[in-house]
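Below you'll find the structure, written out as structure tokens, and then a few comments.
None of the figures in this text is laboratory data; all of them are computed from the coordinates on show. Please read these numbers as outputs of a predicted model, since none were measured by experiment. Every residue, glycine as well, gets a Cβ built from its backbone with ideal geometry; the counts of neighbours run over all protein chains shown.
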Amino acid sequence: MHRRSFLWTLASAAAFPGLRASTAWRAGLASIDITPPLGLWMGGFAARTEPARGIALPLHAKALALEDAAGRRAVVVTLDLLGLTDRVAERIAAAVGRRYGVPREGLLLCSSHTHSGPVIDDQLAVAYDLSPSQWEDIRASTRRIEGQVLDVVGRALDALAPAHLRRSQGEAGFGANRRVAFEPPGPVDPAVPVLAVERPGGRLAGLLFGYACHNTTLVASFVQYHGDYAGVAQAELERRHPGAIAMFVQGCGADANPKPRGTRELAEQHGRTLADAVERALGGGSDVRGPLRRAFGTVTLPYAQAPGAEDWRRKLEDANVYVRRHAKLMLDDIARDGRTRAAEAVPLHVLALGQSLFIGIGGEVVADYALALKRKYGDATWVAGYVDAVFGYLPSLRVLREGGYEGADAMLYFGRPGPFSEAVEDTVMAGLDGLVARAGALKGRLP
């Protein structure tokens, strides 16, 4: 154990005499306003007809840095954004590694998937009819946000200090499966996992909490920056706990919408409901003991066979403007690379805090994954979607076979050639099994 870790372990033992030295933590939290300038196009709804005209609720990037008694570190970043592209996530991760020495497996970039934030990079480019100057503004905004994320990670690391971690779980019920055209109705995940960070003496320093539901209470006609229900919940919890930083992690809510939805008042209502669920959870739970274990990897998901060039050329005459834009993009890929994209590299994370297991999956992940992983690793397993890159929807085999928007149709807007092959679910689950084993996350956890 190096000198710094030895000194803070002694300090933690003094502050929390009931804890063994091996369970001691240091934690740091930081928040930064990332609200971009007005006039930028907003991400998430193809039906929008104008850019951002106001700021209804500021957008933030927040960071929770954790360090165990052996000096191992991890940083969870939460973002009031629709999502990041793979190249933006990789630029941020590389910069964090160079500047702060945090390895790739120690950085999780979690987007809330609000549909009232700015477009990032070229995400969902097929959905928007923008001028070159508008795309240039988006690129400049994206790089500015990248720098702000790097800044907030550094601030959280600088703020590392002895801490007590407590894990609990509540429930909320406003998320409803939105695949109403299919029978039987699909599942939802009602869990509200919570990680509380306390300073010596019991002062609440921060809350990491989650829920699995699209941040789409606000609809396409709403053209002001806003974090939707998740932004409201964070602001409400910070109001109730002055000095604490509240951070939202989106779960596997790709096939769930808030119910009811459509107004700012409903976003406020759902946000308060979620904040209440977090408050109820704070009354219970258990201490989180060390050590910190972490693993990162990608799995390669092949796409189903895509149409050929002649089929794409025929689609250039389609009545649907999005189909025409998508076809042009696919033909550009064929002209450049000789074919369309054959597969997707999906980022996966495993973060174990003692016996508390956090799993992060890239893409818009449907509820089936979280429910299956909880059956496998225990009900207290925390499963997040929208981690690092959001490349499109990640359907389970059930949803893929059913088809529809989450199973296939939405990939058009993300500029992908079509749905995944039927290997999708098995490949993701096998990849996560390997990472859980690599991280040693099951030691002392399961029989």
Using a Förster radius of 30 Å, what is the FRET efficiency between E171 and R401 based on their Cβ-Cβ separation? Nearest 0.05, please. 0.55
Name the residues of the range 45-89 whose amide N is less than 18 Å from a point 7 angstrom out from the Cα of R98 along the C-beta direction? 87-89
For V321 and D151, what does the FRET efficiency come to when R0 = 60 Å and r is the distance between their Cβ atoms, rounded to the nearest 0.05? 0.95
Taking only C-alpha positions in the range 122-181, Rg and Dmax in angstrom work out to 20.1, 51
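Using per-residue counts of other Cβ atoms within 10 Å, averaged over each peptide, order 338-344, 89-95 from highest down.
Ranking, from highest mean packing down: 89-95, 338-344.
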Per-residue HN-Hα couplings for the range 261-278, Karplus 6.51 cos²θ - 1.76 cosθ + 1.60 at θ = phi - 60°, whole Hz, x for Gly and Pro? 8, x, 9, 5, 4, 5, 4, 4, 4, 5, x, 5, 4, 5, 4, 4, 5, 4
Give the residue from I32, L394, G251 lying farthest towards the positive end of the charge dipole for the chain; charges sit on Cβ (+1 for Lys and Arg, -1 for Asp and Glu) and the dipole is referred to the Cα centre. I32
On a full-extension model of 0.36 nm per residue, what is the gain between L331 and S221, subtracting their alpha-carbon distance, rounded to one decimal in nm? 36.4 nm
Within the range 57-86, whose backbone N sits under 13 Å from a point 7 Å along Cα→Cβ of L130? 82-83, 85
Could you tell me the distance between the Cα centroids of the range 252-324 and the range 22-44, to the nearest Å? 18
10 Å beta-carbon shell around M42, net charge (K/R +1, D/E -1): +1
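How large is the charge dipole for the chain, taken about the Cα centre, if only the Cβ atoms of Lys, Arg (+1) and Asp, Glu (-1) carry charge, to the nearest 20 debye?
1480
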Per residue of the range 99-108, in order, report the coupling 6.51 cos²θ - 1.76 cosθ + 1.60 (Karplus, θ = phi - 60°) as ³J(HN,Hα) in whole Hz, putting x for Gly and Pro. 7, 10, x, 7, x, 4, 6, x, 10, 10
Cα-based count: Lys pairs in the chain below 30 Å, eight or more positions apart or different chains? 7
